[in-house]
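Take a look at the structure set out below.
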Amino acid sequence: MAGVDSHSYGYVRVGQKVSIGAFDGFARYVGPIPGTDSIWVGVEWDDSNRGKHDGIHNGIRYFKTIHPNGASFVHLEKVIPHNVSFLNAFQSKYGQNCGNNIQQEINALMKQSKMASFELVGMQKIQKTQACFDKLTHVCLSHHGITDAGNPNEIQDCCPNIVNLELCNNCFTDWETVSEIAQQLKHLTTLNLSFNNIDLPQEPNQLLKESFKCLKKIVLGKLNYSWHEIMTLCEAFPVLEVLEVPDNNIDRLESHSEVMENLLYLNLENNNLSWPEINKLRSLPKLQTLNVNRNGIKDIQIVPSSFPSLKFLMISDNNLLHLESLCELNKLPALSSLRIQNNPLLKGMSVSNYTLQIIARIANLKTLNGTMITLKERQNNERDFLKDLDMIWHRQLKSPEERAEFLTKHPRYMELIAKYGSDYSEDLNTSNKIKTIKIRIVNFCNETNTEKDVIIKTLPITMTLNRLKDLGKRLFGLGNKQLEFSYVTKEKPDIEYTMENMNQTLDYYSVEDGNTVLIKW
């Protein structure tokens, strides 16, 4: 950094976890400091409150820490590095190996006691645990200070059937070490390496590709890798389906490459990505789940034919400002589940209100913030939304230009009109009011050819038969009966006019004040 070389001196190397007294940190620089005769270790403390600077001394930057006061320089002789093999950590957590030395101690105790048999319950438990090591499939060795893979083949001899492995917050410094561990785990499909400080290889070599040929999921949180570096690394994972790279300060993406062809799940949470950057991944053919929570996204613009297989989008805790972004999400052809809590566009809204705003704008949504959307809930929200839009359309918009702009802002308006029809009516006090008519609504039974009930209602002339059907079912308690509609006039009471298109209005069929509408079942 800034013209200063980093070195390894003796047993301490850059990137290694170290202890100084009772406190831990990472060695970020090892070497001389001008004006002194000592070798120094620049330490980034686990507890950032212990530091005095961020890696700059006398105007020279030796390294860079995340926190502005997270670092100190310490004399080399005071620094104790952590050296722990994978198997050391594994046995520390899951039980010690009962080897020859332990068996010799048992035999000695048996001789001293002059007993024909000797039982150590504790030893039996350890032996039982050891016998089960090869049955372990899910192993977590996070925060164990692991630095190396240990002796050749000792991992596969002890615990060869690990499928899911967590190695977060250890002391790995290079991918070769990780590769040596993975190479001994032939069934490994899931690996979590978050919160390590691992230098990337110049390019994925054959050893890496051989070690990770079965890996389907990898988590690389807070490793400070760029997207380009991640894509280069992923060349070593030929069957990768799940990629999680949260907390990496990523602010640039690249168009997807062949290494992402099989990707089903991508986690980009807590980076610094705008939607135009996310759009660069729009051609991922199989991606079903995308997590972009906590990225500071302000708006969304969906490019046509984007994310063809995306079913589940997580976009909570961003800075979305405008409801138009919800309309954009309606362009995603497969989107059925959405999490969108804690965005400014929802601020001040009740749960029922923002539920309406979201459901009505995204046609195929089945789940919102973890809650299933019922068909009835969708219909009610869409109809309420349509009423609001109808009010604006009829009362506020006069010119073709205004209406064109409105349709751009509310692209589902015409779709909802076609689905439910419009029953807009204005208050009598408005100068541009919609006409209302008073009609007799008759509950008519076809089987007996008789009128059951008659109700007189004042209705807007723009009410559709679909809405009249709902009204009639409520008024007469007709439940799920199949209904037919017709009407007669005062002038010609013997002539019955049929009404078949349920999306059309009373006005369309020339129903007038004083007419009788027959609801037949």
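The values are calculated or read from the model by the stated rules, or taken from the named source; none is laboratory data. All values derive from a computational prediction rather than experimental measurement. Don't worry about glycine lacking a Cβ; one is built from the backbone with ideal geometry, like all the others, and counts go over all protein chains shown. Accessible surface areas use protein heavy atoms only, side chains included; no ligands, DNA or RNA. Shrake-Rupley method; radii C 1.70, N 1.55, O 1.52, S 1.80 Å.
Only four residue types carry charge here, +1 at the Cβ of Lys and Arg and -1 at the Cβ of Asp and Glu. Report the dipole size of the chain about the Cα centre in Debye, rounded to the nearest 20.
Numbers: 56 positive and 60 negative charges, 287 e Å.
Charge dipole, the chain, about its Cα centre: 1380 debye, nearest 20.
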A student applying the Cα gyration tensor rule (rounded when a/c is under 1.5; otherwise prolate if a/b is larger than b/c, oblate if not) would label the range 185-234 oblate
Inverse of <1/r> over all distinct C-alpha pairs of the range 375-521, i.e. the Kirkwood Rh in Å, gives 16.7 Å
Ordering ASP157, ASP251 by the accessible surface of their heavy atoms, 1.4 Å probe, largest first, yields ASP157, ASP251
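How many percent of all Cα-Cα pairs in the range 461-501 sit more than 13 Å apart? It would help to have the intermediate numbers written out before the result.
On the way: 496 of 820 pairs.
For the range 461-501, the share of Cα pairs beyond 13 Å comes to 60 percent.
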For LYS222, the aspartates and glutamates lying under 12 Å Cα to Cα, once residues fewer than eight places off in the same chain are dropped, come out as GLU244, ASP247, GLU269
Semi-axes of the chain from the Cα gyration tensor (sqrt of 5 times each eigenvalue, largest first, whole Å) come to 70, 31, 19
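Taking 21 Å as the cut-off for C-alpha to C-alpha distance, list the pairs among LYS347/LYS419; LYS490/LYS520; LYS213/LYS280; LYS438/LYS473 that go past it.
Values: LYS347/LYS419 30 Å; LYS490/LYS520 19 Å; LYS213/LYS280 27 Å; LYS438/LYS473 19 Å.
Too far apart for the 21 Å limit: LYS347/LYS419; LYS213/LYS280.
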Of ASP24, ASP494, ordered by accessible area with the largest first and a 1.4 Å probe, the sequence is ASP494, ASP24
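If you roll a 1.4 angstrom probe over the protein chains with everything in place, what fraction of the accessible area of the chain belongs to carbon and sulfur, to the nearest %? List each step's numbers first, then the result.
Working: 12930 of 26770 Å².
It is 48 percent, rounded to a whole number.
Where both residues lie in the chain, what percent of DSSP beta bridges are antiparallel, nearest 5?
Details: 43 of 76 bridges.
If we restrict to bridges inside the chain, about 55 percent are antiparallel.
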Asserting the computed 222 nm helical MRE of the chain (DSSP H runs at least 4 long, -39500 (n - 2.57) per run, divided by residue count, to nearest 500) equals -7500 deg cm²/dmol
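Provide ASP174, ASP47 ordered by accessible surface of protein heavy atoms (probe 1.4 Å), highest first. Don't skip to the answer; put the middle values down first.
Numbers: ASP174 45, ASP47 70 Å².
The most accessible residue leads, giving ASP47, ASP174.
Considering only Cα-Cα distances, which of the following residue pairs are longer than 26 Å: LYS331/LYS435; LYS452/LYS481; LYS217/LYS331?
The pairs that break the limit, which is 26 Å between Cα atoms, are LYS331/LYS435; LYS217/LYS331.
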Honestly the range 437-511 on the Cα gyration tensor test (a ≥ b ≥ c root eigenvalues; a/c under 1.5 rounded, otherwise a/b vs b/c for prolate or oblate) is just rounded
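Taking only protein heavy atoms and a 1.4 Å probe, what accessible area per residue, in Å², does the chain have with all protein chains in place?
Normalised by residue count, the accessible surface of the chain is 51 Å².
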Per the charge dipole of the chain (beta-carbon charges, Lys/Arg positive, Asp/Glu negative, Cα centre), the residue among SER255, ASN164, MET414 reaching farthest to the positive end is MET414
Taking a straight Cα-to-Cα line shorter than 20 Å from LYS186, and setting aside same-chain aspartates and glutamates fewer than 8 residues away, one finds ASP134, ASP148, GLU154, ASP157, GLU166, GLU176, GLU210, GLU235, GLU241
Per the charge dipole of the chain (beta-carbon charges, Lys/Arg positive, Asp/Glu negative, Cα centre), the residue among MET391, PRO344, PRO493 reaching farthest to the positive end is PRO493
